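The values are calculated or read from the model by the stated rules, or taken from the named source; none is laboratory data. Owing to the predicted nature of the structure, the values given are computational and were not obtained by experimental measurement. Counting neighbours? That spans all protein chains shown, and the Cβs are built from the backbone with ideal geometry, glycine included.
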Amino acid sequence: MARKKMFKTTVDIHEKMLGGNFDTGAYTYVKECDTLEQAKDIKDLLWQAIEIEGIGDTECFVEVLIEKNGEYRDRDEFVMVTKIVRTDVPSKFVVWGDMEPHLFEVDKEKSVLNIELA
């Protein structure tokens, strides 16, 4: 049986709406890891959310909660400003089967992800 990870990171991403407010609903992504340093490294989780949710050139309010063995450890929040360039390669996060792909990989070299403290 696999050993349970000590740290759990939950990232909630709220996209900015046309009226200028951030959406009250959130895209939620979770990861489990062994160390606090791994728990605080959320860049890959942000890129995954951007690709899967189809987030484009926008601003997002991001909330991060870190727990250790189910108890509060750390919390952070910030505004993420994105300029996203996509490739023509279908997202590897989705098993497409017979479906026509409509989500494509993010070109991380050409895309920009700026984090501004809230």
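Against the criterion of being under 23 Å from Asn114 (Cβ atoms) and at pLDDT below 95, Gly54 qualifies. A count restricted to the range 84-108 and to residues that are within 20 Å of Tyr29 (Cα to Cα) and of a type in the set (S, T, N, Q) stands at 1. Tallying residues that are of a type outside the set (Val, Ile, Thr) and either over 15 Å from Ala49 (Cα atoms) or at pLDDT below 90 (or both) within the range 77-89 yields 3. Filtering the range 1-31 to residues that are of a type in the set (A, V, I, L, M) and without any contact (Cβ under 8 Å) to a residue 40 or more places away in the chain leaves Met1, Ala2, Met17, Leu18, Ala26, Val30.
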